[in-house]
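Here's the structure we're looking at; comments come further down.
The values are calculated or read from the model by the stated rules, or taken from the named source; none is laboratory data. The structure presented is a predicted model; accordingly, all values stated were derived computationally and were not measured. Glycine gets a Cβ as well: all are built from the backbone with ideal geometry, and neighbour counts include every protein chain shown.
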């Protein structure tokens, strides 16, 4: 039926963010089918417009058409004051990221950490030239704590493993619990072992018996124990952390803000679903492209400053334009509460406020940072 209201339809207005993303993606996909091979349709990329009668300005067209890179055109260009160093996307464990960052100290380079969530890389091991697109442990655990508070699951049982990575997750959760007023009823260590004397340490029913709790938070970097926890607890309680509801950067089942189109594109290219590490690497490449396009005559140091100060933001298909924090180089971003075949919530959750940016309720805020580059 025809809308009785003039102008914007009230239904569309209420859901405009999601509808706009879908329309733009469909428009770009259709446009690409009629463009010659030398051109490509790109979505919501920053364009700097110069004018003859005043200063230039940045605009974000819904769709723009650019020339495809020609073979052999990726060689560095020198001269004219143009930045020539290529940003590096690091898909390395924390020790590798720290080593590369230390080796690059004092050089004109931008490093993107797309695979290591350890908080130390954003604190004691931080560096001015090191940016992070993967969420940190602190961000993940703050998201979990927000959900516990919102759902009134404020007395969880915490199960943690013996590995170094498990202890890092435990420390991050303990910080988040203090921050949001969560009071765990107990923190119990699990251990998977072939020793019959230690078999009870991996028994979910024994570990979750003898007391009441609102939820179970399992912290297991390898995931082997965590996968056995849902539906095996003595009490019928939700499971969060390393299984159950997991706070992560991306899920192929996310269905808002144009996310299905991004996931389908990745599936066609890679032949597998897009995960959090894939999304973080893609965001790093996109941030590098955005800053190069917007500040193509700037030095590497100036491009890095533009990224850290929020002069360049990137659409991450999660409802926000995303930028990096000045104090530790972490990409601000919502986190998805993903489960086996869906997404239950998006953090930050409603009601958790911040004086400047609600995304800074996840992870270390400026007054808390341990980064002293």
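Quick look at the numbers
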quantity	calculated
Filtered residues of segment 213-253 (kept if modelled with pLDDT under 95 and either buried (at least 21 other Cβ atoms within 10 Å of the Cβ) or not assigned by TED's automatic domain parsing to the domain that holds residue 192 (or both))	none
Any hit, segment 254-271, residues being in a loop (DSSP other than H, G, I, E, B), outside the structural domain of residue 173 (by TED's automatic domain parsing) and touching a strand residue (DSSP E or B) at 6+ places or on another chain (Cβ under 7 Å)	yes
Subset of segment 224-243 [part of a loop (DSSP other than H, G, I, E, B) and more than 13 Å from residue 340 (Cβ to Cβ)]	224, 225, 229, 232, 233, 234, 235, 236, 237, 238, 242
Test: residue in segment 71-82 that is farther than 30 Å from residue 235 by Cβ and either at pLDDT 95 or above or surrounded by 17 or more Cβ atoms within 10 Å (Cβ to Cβ) (or both)	no
Listing of strands (runs of 3 or more DSSP E) fully contained in segment 123-191 that carry 2 or more residues being in the same structural domain as residue 105 (by TED's automatic domain parsing)	130-132
Test: residue in segment 323-336 that is farther than 24 Å from residue 110 by Cβ, out of contact with any helix residue (DSSP H, G or I) (no Cβ under 7 Å at 6 or more places or on another chain), in contact (Cβ under 8 Å) with a residue 60 or more places away in the chain and crowded, with 16+ Cβ neighbours inside 10 Å	yes
